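A quick write-up on the structure given underneath.
The values are calculated or read from the model by the stated rules, or taken from the named source; none is laboratory data. Only a predicted model underlies this, so the values are computations on that prediction, with no experimental measurement involved. Every residue, glycine among them, receives a Cβ derived from its backbone with ideal geometry; neighbour counts consider all protein chains shown.
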């Protein structure tokens with residue numbers, strides 16, 4: 001079974017995302033407007049011993065990956081956890097061009113080789129082979145991470161949870177198969193519906209997968225409710241899990257938050273921090289509970 | 001294993017044994033989202049979809065073969081006995097589709113804006129009132145945890161008499177000339193910033209403060225669009241003397257996602273809110289709040305939903321609809337009648353700006 005890094009630095013703080021306050025989100029967007037301040041934060045995290053970074057394939061991720069490749073000697077043990085796709089890119093494209101137009105724009109908006117390849121693959125759009133379209137989109141999204149180490153690729157929760165609701169079983173199966181076969185990576189799923197998704201993946205016969213979902217005692221971003229999550233954690237946990245939103249965007253004191261995670265038997269967390277002080281405090285808390 | 005029994009896209013029995021059959025008209029971005037949410041409700045089964053996109057019908061045939069597909073919604077309504085119809089098509093098509101669904105005696109959820117005119121909204125509402133279904137419009141902000149809290153506080157009189165207000169909405173939907181192609185870029189098909197974004201801001205105002213008496217100084221300004229506006233500005237007056245402004249801009253790239261911002265000033269203080277956070281300044285302690293500044297975050301006031309796709313409010317509005325369809329005696333939080341008031345205010349803005357529908 002895969003060993004997930006116990007502490008993963010998330011990236012929401014770098015991209016102006018905060019699930020509790022748009023004022024905080026705005027402050028973060030300003031603070032990390034300059035790419036150098038993002039690189040500084042990554043260097044600080046690495047100095048402190050954090051080896052794993054979750055990185056969403058958004059507008060800035062390509063540049064960040066370029067930076068990691070160019071400064072490989074400073075991050076020799078770096079392990080990325082890509083999360084794909086960048087949902088807002090697709091949401092905006094779909095609003096502009098419709099669903100088919102958005103897919104075409106993404107698949108054709110890359111290099112000339114892609115474009116040639118796409119002409120041959122365009123048939124997928126006409127045959128409605130969502131699984132095939134998805135594998136092509138995965139390849140496009142994962143290009144930015146080339147030559148960097150990753151062992152898990154996460155599907156963003158908006159996509160995971162949409163597919164879960166739609167009940168497109170074969171798409172889940174195909175997504176997992178593609179990641180395992182082409183990237184030797186474990187398929188990961190970000191989700192706001194951990195118990196439901198776990199039950200569904202089992203029903204799809206998917207055994208090798210990891211989940212990442214919110215875990216905090218307030219039940220923030222935990223559907224259907226805290227009790228169902230706790231029941232799932234008490235049960236036969238099939239899927240290794242990384243907890244996110246453990247501080248509920250700052251609503252829960254750090255020590256209580258980590259306590260709760262440890263009690264649930266969770267061994268991996270992804271957290272957002274923008275200062276050395278906050279990173280260090282979180283690291284010490286987690287180590288103190290280990 | 002789970003403390004909740006999940007109904008992941010497969011038919012099951014509901015708690016009271018009644019299973020509602022749902023049909024969806026329009027499988028675009030919102031239609032698909034609603035399909036995912038509706039399908040998770042233990043008392044609803046999505047049995048039919050009407051959409052004229054070849055891609056969508058092939059996708060659905062392959063992955064959800066048990067769902068009946070139609071390219072024509074009238075055929076769907078004629079051939080399938082449905083309890084619920086969910087309409088998420090370009091707004092200029094809503095009127096005829098609502099009429100046909102009323103003829104078929106189904107409960108109806110229709111995306112916002114309800115229609116393209118107050119007159120049509122009134123006619124459809126009047127028709128629905130003689131029938132026994134539940135009739136809802138997709139004004140999703142009415143189901144947002146923070147705005148629901150704002151409503152509760154205002155109804156409790158937290159600000160006392162209201163003097164002035166702002167209802168704003170910003171986003172980055174149209175940031176190039178090409179972004180306004182398709183129905184969203186044309187007012188005639190229900191596109192443009194007023195119908196698409198402005199309807200949300202206006203509806204939030206109507207939800208929280210009621211219907212205004214007068215609209216003045218409306219400007220509908222295009223930036224990138226050629227057949228509709230990208231910026232809406234207007235001023236509003238209530239019969240009790242309260243005045244305020246509405247500013248809506250869907251061409252503002254500094255916003256990562258669509259955001260509503262409200263500010264309401266009254267004799268006892270000020271309330272400011274967006275989808276995530278509410279701030280309250282009070283001149284004296286009131287209810288459970290202190291004098292001066294108070295902050296309420298979404299993490300303080302949210303209630304979880306059974307299945308999360310795009311935010312609690314999206315699930316909550318669809319479950320609200322399904323539950324009212326099971327028991328139409330309960331009042332609807334975003335009814336045809338509510339949406340008609342919003343539509344009438346949109347009409348006031350259009351008339352004031354001297355714009356054609």
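From B:97, B:30, B:56, which residue is outside any loop (DSSP other than H, G, I, E, B) and modelled with pLDDT of 95 or more?
B:97
Listed here are the residues, each with its yes/no results for (1) touching a helix residue (DSSP H, G or I) at 6+ places or on another chain (Cβ under 8 Å); (2) within 12 Å of another protein chain (Cβ to nearest Cβ); (3) buried (at least 21 other Cβ atoms within 10 Å of the Cβ).
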position: A:207; (1), (2), (3): no, no, no
position: A:213; (1), (2), (3): yes, yes, yes
position: A:232; (1), (2), (3): yes, yes, yes
position: A:236; (1), (2), (3): no, yes, no
position: A:246; (1), (2), (3): yes, no, yes
position: A:269; (1), (2), (3): yes, no, yes
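Could you grab me the full set of residues in the stretch A:31-45 that are in contact (Cβ under 8 Å) with a residue 12 or more places away in the chain and surrounded by fewer than 19 Cβ atoms within 10 Å (Cβ to Cβ)?
Start the filter on the stretch A:31-45 by keeping residues that are in contact (Cβ under 8 Å) with a residue 12 or more places away in the chain, which leaves A:31-32, A:35, A:38-39, A:41-45.
Scanning the stretch A:31-45 gives A:31, A:35, A:39, A:43, A:44.
Quick one: how many residues across the stretch A:148-161 are at pLDDT below 95 and farther than 30 Å from residue A:77 by Cβ?
1
Can you pull out the residues in the stretch B:278-301 that are surrounded by 22 or more Cβ atoms within 10 Å (Cβ to Cβ) and at pLDDT 95 or above?
Answer for the stretch B:278-301, where residues must be surrounded by 22 or more Cβ atoms within 10 Å (Cβ to Cβ) and at pLDDT 95 or above: B:278, B:280.
Applying the selection to the stretch A:248-258, what residues are more than 14 Å from every other protein chain (Cβ to nearest Cβ) and more than 19 Å from residue A:8 (Cβ to Cβ)?
Across the stretch A:248-258, the qualifying residue is only A:255.
Return the residues of the stretch A:46-62 that are surrounded by 13 or more Cβ atoms within 10 Å (Cβ to Cβ) and free of Cβ contacts under 8 Å to residues at least 40 places away in the same chain; say none if nothing qualifies.
Once the filter is applied, which keeps residues that are surrounded by 13 or more Cβ atoms within 10 Å (Cβ to Cβ) and free of Cβ contacts under 8 Å to residues at least 40 places away in the same chain, the stretch A:46-62 yields only A:46.
Is it true that some residue in the stretch B:327-340 is modelled with pLDDT under 95 and touching a strand residue (DSSP E or B) at 6+ places or on another chain (Cβ under 9 Å)?
Within the stretch B:327-340, one or more residues are modelled with pLDDT under 95 and touching a strand residue (DSSP E or B) at 6+ places or on another chain (Cβ under 9 Å).
Among the residues of the stretch A:174-202, count how many are within 13 Å of chain B (Cβ to nearest Cβ) and either within 19 Å of residue B:308 (Cβ to Cβ) or at pLDDT 95 or above (or both).
So the count comes out to 13.
Would you point out the residue of the stretch B:217-228, among those that are in a strand (DSSP E or B) and in contact with a helix residue (DSSP H, G or I) (Cβ under 7 Å, 6 or more places away or on another chain), that is surrounded by the fewest Cβ atoms within 10 Å (Cβ to Cβ)?
Checked the stretch B:217-228; the qualifying residue surrounded by the fewest Cβ atoms within 10 Å (Cβ to Cβ) is B:227.
Being surrounded by 17 or more Cβ atoms within 10 Å (Cβ to Cβ), in contact with a helix residue (DSSP H, G or I) (Cβ under 9 Å, 6 or more places away or on another chain) and within 14 Å of chain A (Cβ to nearest Cβ) is the filter here, so list the residues in the stretch B:229-254 that pass it.
Scanning the stretch B:229-254 gives B:230, B:250, B:251.
Grab the helices (runs of 4 or more DSSP H) fully contained in the stretch B:295-357, keeping just those with 1 or more residues being within 16 Å of residue B:146 (Cα to Cα), in contact (Cβ under 8 Å) with a residue 24 or more places away in the chain and not assigned by TED's automatic domain parsing to the domain that holds residue B:122.
Per the criteria, B:298-301, B:312-326.
Looking only at the stretch B:305-321, decide whether some residue is farther than 14 Å from residue B:141 by Cα, at pLDDT 95 or above and more than 14 Å from chain A (Cβ to nearest Cβ).
Scanning the stretch B:305-321 turns up at least one residue that is farther than 14 Å from residue B:141 by Cα, at pLDDT 95 or above and more than 14 Å from chain A (Cβ to nearest Cβ).
Scan the stretch B:255-274 for residues that are buried (at least 20 other Cβ atoms within 10 Å of the Cβ) and within 14 Å of chain A (Cβ to nearest Cβ) and report the count.
Adding up the residues that qualify gives 4.
Quickly run through the stretch B:54-67 and pick out the residues that are more than 7 Å from chain A (Cβ to nearest Cβ) and either surrounded by 17 or more Cβ atoms within 10 Å (Cβ to Cβ) or touching a residue at least 40 places away in the same chain (Cβ under 8 Å) (or both).
Residues satisfying the conditions are B:56, B:57, B:60, B:67.
Would you be able to tell me the number of residues in the stretch B:39-52 that are within 7 Å of another protein chain (Cβ to nearest Cβ) and over 22 Å from the mean Cα position of the chain (by Cα)?
Here the count works out to 0.
Does residue B:211 fit the bill of being surrounded by fewer than 20 Cβ atoms within 10 Å (Cβ to Cβ), out of contact with any strand residue (DSSP E or B) (no Cβ under 9 Å at 6 or more places or on another chain) and more than 22 Å from residue B:173 (Cα to Cα)?
On the way: surrounded by fewer than 20 Cβ atoms within 10 Å (Cβ to Cβ): yes; out of contact with any strand residue (DSSP E or B) (no Cβ under 9 Å at 6 or more places or on another chain): yes; more than 22 Å from residue B:173 (Cα to Cα): yes.
Yes; evaluated as a whole, the condition is true for this residue.
Can you name the residue in the stretch B:80-96 that is touching a helix residue (DSSP H, G or I) at 6+ places or on another chain (Cβ under 7 Å) and surrounded by fewer than 21 Cβ atoms within 10 Å (Cβ to Cβ) and, of all such residues, is farthest from residue B:23 (Cα to Cα)?
Step by step, filter the stretch B:80-96, then rank; the result is B:92.
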